[in-house]
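Asker: Have a look at the structure that comes next, please.
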Amino acid sequence: LLGGDESVAVRLFANRVLESSVTGATDEKIDRAYQTGIVGGAPSWQANMSISYRRGPLQLALQQRLISGGKFNATLGPEDIDNNRVAGAPYTSLRGSWQSSQLPGLSIHAQVSNLFDQDPPRAPDWSFIGSTATNESLFDVLGRRYTVGFTYDLD
C-alpha cells in the first residue's frame, strides 16, 4: 500500500462566521450571523472535508460537507416565535474515476451526491416565487442523486 504509483490526499476547509451584519437607512444594525432558516444569513460554521485515494488509473474520493445549525430568523426573539432553532445538516458524497490506458484521453467517472439521502432541516419561508420548506441556498433539497459520465481529451 502506498508504494509506486499511488497517493492519498486529505483536505479540510472550514469557515467560522463571527458577524454578518447590514446597516439600514435608519442606522439600525442587523446581524444575521448564525441565521440558517431564511435566506440572508450565515451559519456559524461550514466545513468541507475530503479524502481521496489514487492508484494508477483509479481514483476514489469521499467528501463530507457540514453546515451548523442556527436561528430561523436572527431578528426574532422569544416573544415573536416559539422555536427559532434550525438544525444543521451533514452531506456525504462519493466519487470514483478511471483513466483508460487503452484509449489515452478517456476518463470515466461516477458520483453519488448526498449518499445517505440526508433531508434538509425544516425552515419554511416565502418569497416571490412561492413557499419553500428550507433554506435552499444552504441545504440540499434534491436528495440522493447519481451522476455517470466520461470525458475524452482529443490532445
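Asker: Can you name every residue in the stretch 86-100 that is in a strand (DSSP E or B) and of a type in the set (A, V, I, L, M, F, W, C)? Steps first, answer last, please.
Answerer: Filtering the stretch 86-100 for residues in a strand (DSSP E or B) gives 86, 89-99.
Matches in the stretch 86-100: VAL86, ALA89, LEU94, TRP98.
Asker: Any chance you could count how many residues in the stretch 133-150 are within 18 Å of ARG32 (Cα to Cα) and open to solvent by less than 20 Å² (accessible area, probe 1.4 Å)? Give the derivation first.
Answerer: So the first thing to find is which residues in the stretch 133-150 are within 18 Å of ARG32 (Cα to Cα), and the list is 134-139.
Next cut, open to solvent by less than 20 Å² (accessible area, probe 1.4 Å) only: 134-135, 139.
So the count comes out to 3.
Asker: Same structure, new question: Give the stretch 105-132 a look and list any residue that's in contact with a Lys or Arg (Cβ under 6 Å, 6 or more places away or on another chain) and open to solvent by 40 Å² or more (accessible area, probe 1.4 Å), or say none.
Answerer: Of the stretch 105-132, the ones in contact with a Lys or Arg (Cβ under 6 Å, 6 or more places away or on another chain) are 111, 113-114, 117.
Those that are in contact with a Lys or Arg (Cβ under 6 Å, 6 or more places away or on another chain) and open to solvent by 40 Å² or more (accessible area, probe 1.4 Å): GLN111, ASP117.
Asker: For residues that are at pLDDT below 95 and open to solvent by 30 Å² or more (accessible area, probe 1.4 Å), scanning just the stretch 89-104, find the one that is nearest to TYR146 (Cα to Cα). I'd like the intermediate steps shown before the answer.
Answerer: Taking the stretch 89-104 and keeping what is at pLDDT below 95, we get 99-104.
Within this subset, residues satisfying the condition of being open to solvent by 30 Å² or more (accessible area, probe 1.4 Å) are 99, 101-104.
Working: GLN99: 20, SER101: 25, GLN102: 26, LEU103: 25, PRO104: 26 Å.
By that ranking, first place goes to GLN99.
Asker: Looking at VAL8, VAL22 in this structure, which one is touching a residue at least 40 places away in the same chain (Cβ under 8 Å) and either hydrophobic (A, V, I, L, M, F, W, C) or within 30 Å of SER100 (Cβ to Cβ) (or both)?
Answerer: VAL8
Asker: Among the residues of the stretch 1-27, which ones are at pLDDT 90 or above, farther than 19 Å from GLY69 by Cα and out of contact with any Lys or Arg (no Cβ under 9 Å at 6 or more places or on another chain)?
Answerer: VAL10, ARG11, LEU12
Asker: Another one. Please tell me if ALA14 is small (Gly, Ala, Ser), surrounded by 13 or more Cβ atoms within 10 Å (Cβ to Cβ), out of contact with any His (no Cβ under 9 Å at 6 or more places or on another chain) and touching a residue at least 24 places away in the same chain (Cβ under 8 Å).
Answerer: no
Asker: Still on this structure: From the list ILE38, ILE51, ILE30, which one is surrounded by 13 or more Cβ atoms within 10 Å (Cβ to Cβ) and either at pLDDT 95 or above or among the hydroxyl-bearing types (Ser, Thr, Tyr) (or both)?
Answerer: Answer to the check: ILE51.
Asker: I need the strands (runs of 3 or more DSSP E) fully contained in the stretch 103-155, keeping only those with at least 2 residues that are touching a residue at least 24 places away in the same chain (Cβ under 8 Å), out of contact with any helix residue (DSSP H, G or I) (no Cβ under 9 Å at 6 or more places or on another chain) and more than 28 Å from LYS71 (Cα to Cα).
Answerer: Qualifying strands (runs of 3 or more DSSP E): 106-113, 145-152.
Asker: Turning to a different aspect of this structure: Go through the stretch 63-85 residue by residue and tally those that are over 16 Å from PRO124 (Cβ atoms), in a strand (DSSP E or B) and open to solvent by 30 Å² or more (accessible area, probe 1.4 Å).
Answerer: Looking only at that region, the number is 4.
Asker: Going through the stretch 37-91 one residue at a time, which ones are of a type in the set (Ser, Thr, Tyr) and under 16 Å from the mean Cα position of the chain (by Cα)?
Answerer: Hits for the stretch 37-91 are SER44, SER50, SER68, TYR91.
The values are calculated or read from the model by the stated rules, or taken from the named source; none is laboratory data. Here the structure is a predicted model, which is why all the values come from computation and not from measurement. Positions of Cβ are backbone-derived with ideal geometry, glycine not excepted, and every protein chain shown enters the neighbour counts. In case anyone asks, the SASA skips ligands and DNA or RNA and just uses the protein heavy atoms, side chains included. Shrake-Rupley method; radii C 1.70, N 1.55, O 1.52, S 1.80 Å.
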